[in-house]
Amino acid sequence: MKDYNILLDVRRMPDVWYNITPDMPKPVDPPLHPGTKQPVGPADLAAIFPMALIEQEVSQKPTISIPGEIMDIYRLWRPTPLRRAYRFEKALGTPAKIFYKNESVSPSGSHKLNTAVAQVYYNKQEKTKEMSTETGAGQWGTALSIACSMFDVKCTVYMVRVSYEQKPYRRSLMQTYGAKVIPSPSNTTESGKSFLRQHPDTSGSLGMAISEAVEVAAKSGGTTKYSLGSVLNHVLLHQTVIGQEAKLQMESVGEYPDIIIGCCGGGSNFAGLAFPFAPDKIKRGKKIDFIGVEPSACPTMTRGIFAYDFGDTGEFTPLLKQYTLGHNFMPPGIHAGGLRYHGIAAQLALLVKEGVMRAMAYPQNPVFEACMTFTRAEGIIPAPESGHAIRSVVDEALKCKESGESKTILFNLSGHGHFDMLAYDDYLGGKLQDYDLDQSVIEEAERSIPKV
Ligand SMILES: *Cc1c(COP(=O)(O)O)cnc(C)c1O
């Protein structure tokens, strides 16, 4: 009998988050204040984040225990299944063993609820009345809307205008959970008005929407706090339940991955899977090939510049040391909306810089081609974001086919694609365009990066 589904007993679910900070090969350069360019202190962040999350952001502790109330909510869908993709292996004709962690089973359909629940919990503890955020493709806005409804906190989501118009069901999903959804840029904020003056016909961007959501929190006098769905240390921290569970599940069938793969927007789902395995490589010298996969249209780690840059277009956020395409970068309208961000998490950037992990980029047609093979073998329709990871899995599995090696590959299925059928429709109709970024964009990024 083949064990397709490798389930973890709910009593063995990890009750801590793993903090990679003390295990990093080098310390990450500290975030800098956008005005003074000096390191930011907790007080600078207190206007927009609750103290508990600021403490997690800078914590040196190796683990942080997960409060019981969060564990109770996690148990609604966790532990998530680890699946051995026998049918996918067969379709590829590969001797490689392929495993995937299925984060698409959460109520929001992606890994993002892991951090949304934690963030709203700590906000509720500190009496936050309302939360503001941005969303591109809609997955993060959906996750935060669900978490806010669970804790009875109000939620305002600035949704990138093009998605607001193209994805009406994503919008109604958030509204169903009780969130207020505003197309960005909007005239409800000073930054939004300024973007509209400069670019009256803009379809919006994540960088603009972040500026609006941060402004609302900063000007609320403490009643509204801001929430980010990726990039920051505390977000990556919350996602480590994925990798900790996967490690136990792999162990239970006597396996350990040679290759670990995840798609990268801000880096949180890949970090969530990969970081709990990272000390085995950093401290114990184990050979693991960590591959973060991004779109060729938004090639942050493969072609970006390693430097301090803003997280948003309006230049309100602290400067983070990262790989960046420049905070004014407007990615082409590819379907993997969750991967259209100009920067990447600082911790992940440093691990790539130091050679502990590596990055790959793919155009969207080869990504969807891999999704088709996966879907027809495994039955699950992946989010286009997750499809980037699958493309890389296919390539590694085909390399094994050539060499006859039977490597063990683990990847993260970060979400399902049920709200992305327009993308599949475009692919099936031969309408998807592949973009390769012009070098002039990188030169423009060089110019826009602040001098520190
Ligand atoms: C948001 C999202 C991503 C990209 O964000 P990361 O922080 O890099 O994980 C990837 N996959 C899905 C399904 C998403 O919703």
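What the table shows:
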{"item": "Cβ charges +1 (Lys, Arg) and -1 (Asp, Glu), total dipole of the chain, debye", "result": "720"}
{"item": "From phi via Karplus (6.51, -1.76, 1.60), per-residue ³J(HN,Hα) for segment 14-20 in Hz, x at Gly/Pro", "result": "x, 10, 9, 9, 8, 9, 7"}
{"item": "Whole-percent carbon and sulfur share, accessible surface of the chain, 1.4 Å", "result": "51"}
{"item": "Placed amide H near GLY417: partners under 5 Å, 5+ positions off or other chain", "result": "ILE381, ALA383"}
{"item": "Amide hydrogen neighbours beyond the local backbone of PHE290, cut-off 5 Å, H modeled", "result": "ILE260, ARG358"}
{"item": "J(HN,Hα) series, segment 379-394, from Karplus relation 6.51 cos²θ - 1.76 cosθ + 1.60, nearest Hz, glycine and proline x", "result": "x, 9, 8, x, 4, x, 4, 4, x, 5, 5, 4, 4, 5, 4, 4"}
{"item": "Distance (nanometres) between label positions extended 7 Å along Cα→Cβ at LYS180 and THR63", "result": "4.2"}
{"item": "Between helix 439-448 and the chain: long-axis angle, C-alpha atoms, 0 to 90°, nearest 10", "result": "40"}
{"item": "Radius, Kirkwood style, for segment 209-359 when every pair of distinct Cα atoms is counted (Å)", "result": "16.3"}
{"item": "Long-range HN-HN contacts of GLN322 with modeled amide H, under 5 Å", "result": "ALA307, TYR308, ASP309"}
{"item": "Approximate spin-label separation ASP15-VAL253, in nm, with each point projected 7 Å along Cα-to-Cβ", "result": "2.8"}
{"item": "FRET E, pair THR188, LYS401, Förster distance 60 Å, beta-carbon r, rounded to 0.05", "result": "0.65"}
{"item": "Karplus-derived HN-Hα couplings along segment 236-253 (A = 6.51, B = -1.76, C = 1.60, θ = phi - 60°), whole Hz, x at Gly and Pro", "result": "4, 4, 4, 6, 5, 4, 5, x, 5, 5, 4, 4, 5, 5, 5, 4, 5, 10"}
{"item": "Probe 1.4 Å, protein heavy atoms only - accessible area per residue of the chain in square angstrom", "result": "38"}
{"item": "Extended-chain gain in nm, criterion 0.36 nm per residue less alpha-carbon gap, ASP201 and ASP152", "result": "14.0 nm"}
{"item": "Folded to 0 to 90 degrees: helix 113-125 orientation relative to the chain principal axis, Cα", "result": "40"}
{"item": "Computed helical MRE - 222 nm, the chain, DSSP H runs ≥ 4 contributing -39500 (n - 2.57), nearest 500", "result": "-11500 deg cm²/dmol"}
{"item": "Cα-based Rg / Dmax (Å) for the chain", "result": "20.4, 64"}
{"item": "LYS219-TRP77 pseudo-label distance in nm [points 7 Å out on the Cα-to-Cβ vector]", "result": "3.4"}
{"item": "Sites excluded, trypsin sites (Lys or Arg not before Pro) in DSSP loops with at most 14 other C-beta within 10 Å, longest stretch of the chain", "result": "288-430"}
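The values are calculated or read from the model by the stated rules, or taken from the named source; none is laboratory data. What you are looking at is a predicted structure, and each value in this text was computed from that prediction instead of being measured. Cβ atoms come from the backbone with ideal geometry, glycine included; neighbour counts cover every protein chain shown. The protein model used for the area step is the full one, side chains on, heavy atoms only, and it has no ligands, DNA or RNA in it. Shrake-Rupley method; radii C 1.70, N 1.55, O 1.52, S 1.80 Å.
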